[in-house]
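Heads up, the thing below is written out as structure tokens.
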Amino acid sequence: MVQEGKYGIYEISFKESGMYGAVIPDAAVFRCGGDEIKTAAYKAGKDIYKVRFMPVKEGVWDYIIRIGNKEITGSFECTENAEGIHGPVRTKGEGFVYDDGSRFLPFGTTCYAWLHQTEELRAETLHTLENAPFNKIRMCIFPKSMPYNNNDPEVYPFRKKEDGRWDVNDPDLKFWDMLDEQIIRLKRIGIEADLILFHPYDRWGFAELTQEESCTYLRYCIARLSAHSNVWWSLANEYEMVHAKTLENWDEYGEILLAEDPYRHLISIHNFLQLYPKKRWMTHCSVQSGDINRILLWKEQYGLPVMIDECGYEGNIEYEWGNLTGFEMVHRFWQTMCRGGFCTHGETFHREDEVLWWAKGGKLYGESAPRIAFLRELLESLPGEWKPIRRRIGNPNADLSDPAEAESEKKFKEMMERFPQDIQEGFYAQTPLQIESGQFRLLYLGHACPSRMHMQLPDDGSWKVELIDVWNMTRNLLIEGVRGNICLGLPAKEGMALLAVKE
């Protein structure tokens, strides 16, 4: 019997007449025990269609494909997943896990149009990623047109009709085969492909597809790409800027993904100014904002994990979003993680050949990547399930066990309620930058430069405290065998963090 590893791709090809378009919905049913998964077939050549299936359970899977009066049956055995393959990423509480239950901490980067470059440049990008700290990449399916990104791609997702419009029922297989290959290569080096389905940076007409054409394209993506375990769906980059689409249009795409992706890959939508309203198809928030302190508020409002997918770029180009210092990019990563969110890197250093990482990939030239690697290694070593500390709307110094203080707290809340909502939220957002579990406390001081600091540690057991320099990537023991309220001497410089670990 044919075998395929868990989370791999089992593929069936068959001939069918050209009466069907790009997708044949619900063409196949796969069954194993009491589990049943339906999948669509997709166009893979002249009168050739394929069905792809990702087994998520070990055992024998039987399948049946019905197209009109045609019926194809068969079976295969799903064996243990290969080493390092953990399945699709899921959400769990405020964070993420792989399908097999192992923890996934997203450390993203952005290379919008790397797919649409030469084969040599794509290979260089993958080589860079293999040696970088990132495990997620934001990337566009459609080509992109904006400053530093003006080249025409060698191949497009679709062929054109006689009237010059894109024919979404005639996919150019050279493009889709190339996309498949890049997703597979990303998977081999442990990177999730966060696929941006629509965007406004367009001079070819993809942003002007009708709603019917857009849905056909989306269904082709689902039928062809969802069997890759490392796929995420991002409905849009800066959804407000895609002027041909309405909120109802975006909702329809989200509902299609929710209903027709058999593996329930992650779904988000990225904003320009305003976060998209919460919908049932959203698995997490994909946010463009430098106001990282609002992560706590977004987590409260949405009840979902928050990815800061665009907080600015390390670089030196003329646009204000593209000239952060290396330290500021590292600072925003630490700030985001200690707010309980997850951050995405980007780099935009001017080059005469206009090969900027943010757009085309290639090489990294900045100073932030190794320091982001340092942060990732630190966080992945921390024990237990952690959360950010939250400040309640009230007097932070109140002792609620004291009746007089409780009454004062009541008056404080009444005072706060008289302020406008933005002032209340601003107060709430100024919580210390700290994540913690029962085994550790990690406090990031950011741009603050104290020479000493008090730290309150639990009395049950003893603790050791390290001083972390986030830029110089050093960890030095300050004190050990302590508990309760302690006072620590600090170097009075920015970019310091304190890590207390229970001994």
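The values are calculated or read from the model by the stated rules, or taken from the named source; none is laboratory data. What you see is a predicted model, and the numbers here were worked out from it, not measured in a lab. Note that we place each Cβ from the backbone using ideal geometry, even for glycine, and neighbour counts take in every protein chain shown. We work out accessible area using only protein heavy atoms, side chains counted, and drop any ligands, DNA or RNA first. Shrake-Rupley method; radii C 1.70, N 1.55, O 1.52, S 1.80 Å.
A single member of A207, A227, A193 is among the hydrophobic types (A, V, I, L, M, F, W, C) and under 20 Å from G361 (Cβ atoms), and it is A193. Figure legend. Inter-residue proximity from region 316-338: first residues within 20 Å of P106 (Cβ to Cβ) and open to solvent by less than 40 Å² (accessible area, probe 1.4 Å), second residues assigned to a helix (DSSP H, G or I) and of a type outside the set (A, V, I, L, M, F, W, C), beta-carbon distance below 7 Å, spacing 6+ or different chains. Indicated pairs: M329/S368; V330/S368; V330/R371.
Confirm whether P305 is touching a residue at least 12 places away in the same chain (Cβ under 8 Å), over 11 Å from W233 (Cβ atoms) and out of contact with any Gly (no Cβ under 7 Å at 6 or more places or on another chain). Criteria not met by P305.
Condition first: among the hydrophobic types (A, V, I, L, M, F, W, C) and surrounded by 21 or more Cβ atoms within 10 Å (Cβ to Cβ). Now tell me which residues in region 194-208 satisfy that. Scanning region 194-208 gives L195, I196, F198, F206. Screening D152, D167, D100 for residues that are over 24 Å from K363 (Cα atoms), at pLDDT 95 or above, out of contact with any Phe, Trp or Tyr (no Cβ under 6 Å at 6 or more places or on another chain) and charged (D, E, K, R) leaves exactly one candidate, D100.
Only one of the listed residues (Y20, Y10, Y98) is surrounded by 14 or more Cβ atoms within 10 Å (Cβ to Cβ), closer than 30 Å to E385 by Cα and aromatic (F, W, Y). That residue is Y98.
Could you tell me whether M496 is at pLDDT 95 or above and open to solvent by less than 20 Å² (accessible area, probe 1.4 Å)?
yes
Scanning region 182-203 for residues being more than 16 Å from R122 (Cα to Cα), of a type outside the set (D, E) and assigned to a loop (DSSP other than H, G, I, E, B) gives a total of 5. Sort out which residues of region 40-60 are more than 13 Å from E11 (Cα to Cα) and either open to solvent by less than 20 Å² (accessible area, probe 1.4 Å) or among the hydroxyl-bearing types (S, T, Y) (or both), and write them in order of number. If the condition is that a residue be more than 13 Å from E11 (Cα to Cα) and either open to solvent by less than 20 Å² (accessible area, probe 1.4 Å) or among the hydroxyl-bearing types (S, T, Y) (or both), then G45 is the only one that fits. Against the test of being surrounded by fewer than 22 Cβ atoms within 10 Å (Cβ to Cβ), under 19 Å from the mean Cα position of the chain (by Cα) and on the phi < 0 side of the Ramachandran plot, the options L258, L235, L247 yield a single qualifying residue, L258.
Which numbered condition trips up V97, out of (1) under 27 Å from G190 (Cβ atoms); (2) among the aliphatic types (A, V, I, L, M); (3) touching a residue at least 60 places away in the same chain (Cβ under 8 Å)? (3) is the only condition that V97 fails. Among the residues making up region 465-478, those that are in a loop (DSSP other than H, G, I, E, B) and open to solvent by 30 Å² or more (accessible area, probe 1.4 Å) are W471, N472, M473. When M1 is tested against (1) in a loop (DSSP other than H, G, I, E, B); (2) at pLDDT 95 or above, only condition (2) is not met. When P388, P396 are checked against the criterion of being closer than 28 Å to H331 by Cα and modelled with pLDDT of 75 or more, P388 stands alone in meeting it. For Y148, the conditions (1) within 19 Å of the chain's Cα centre (by Cα); (2) at positive phi are fulfilled apart from (1). With respect to being surrounded by 20 or more Cβ atoms within 10 Å (Cβ to Cβ) and either touching a residue at least 24 places away in the same chain (Cβ under 8 Å) or not in a loop (DSSP other than H, G, I, E, B) (or both), A82 falls outside the description. Scanning region 314-339 for residues that are in a loop (DSSP other than H, G, I, E, B) and closer than 24 Å to L296 by Cβ gives a single hit, R339.
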